[in-house]
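Structure first, then comments.
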Amino acid sequence: MFEVGFSELVMVALVSLLVIGPERLPKVARLAGFWIGKARSIAATFKEEIKQELHTEELRQIFNEQAQLHEFHAALNETNEAIEAIQSTITPNIEETLEHKIPDELK
């Protein structure tokens, strides 16, 4: 974002000393430090909540993908069973047809 160097900090300290005065400066500095710490704590909590929510959403998407894969596998199994059923009914018919079509001399 923006960088604050040593010279900028010295300038802020001098202006603060002149505006606030030497008697109240330590109290104001402690109060400013307290609020800065509080703001950092709130920001860290907010970041953690967002990270947790994103992780939860990723897990939800993974579960949805797995459910779709489960449905696909079920449909694939049904198709395989149907193919096997058709194959078991056609195979005897093909063998019977071939037996009737091939003359005995060629066997």
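In degrees from 0 to 90, rounded to the nearest 10, what is the angle of the helix 6-20 Cα long axis to the longest principal axis of the chain?
50
Helix 25-101 versus the longest principal axis of the chain: what is the Cα-based angle in degrees, 0 to 90, to the nearest 10?
That helix lies at roughly 0 degrees to the long axis.
Give, as a single signed number, the net charge of other residues whose beta carbon lies under 14 Å from the beta carbon of SER16, with Lys and Arg counted +1 and Asp and Glu -1.
Cβ neighbours under 14 Å give a net charge of +1.
Determine the dipole magnitude for the chain: charges of +1 sit on the beta-carbon of Lys and Arg, -1 on that of Asp and Glu, nothing else is charged, the reference point is the Cα centre, and the result goes in debye to the nearest 20.
So the magnitude is around 1840 debye.
Farthest toward the dipole's positive end in the chain, which of LEU69, MET11, ILE83, given Cβ charges of +1 (Lys, Arg) and -1 (Asp, Glu) about the Cα centre?
Positive-most Cα among the choices belongs to MET11.
Given R₀ = 25 Å, FRET efficiency for SER41-ASN64 by Cβ-Cβ distance, to 0.05?
E between SER41 and ASN64, to the nearest 0.05, is 0.10.
Are there GluC sites (Glu not before Pro) in the range 1-81 that DSSP puts in a loop and that have at most 11 other Cβ atoms within 10 Å, and which ones?
GLU3, GLU23
Only the coordinates and a few stated rules stand behind these numbers; no lab work does. From a predicted model like this one, the values you see are computed outputs, not experimental measurements. Ideal geometry is used to build each Cβ from the backbone, glycine not excepted, and the neighbour counts take in all protein chains shown.
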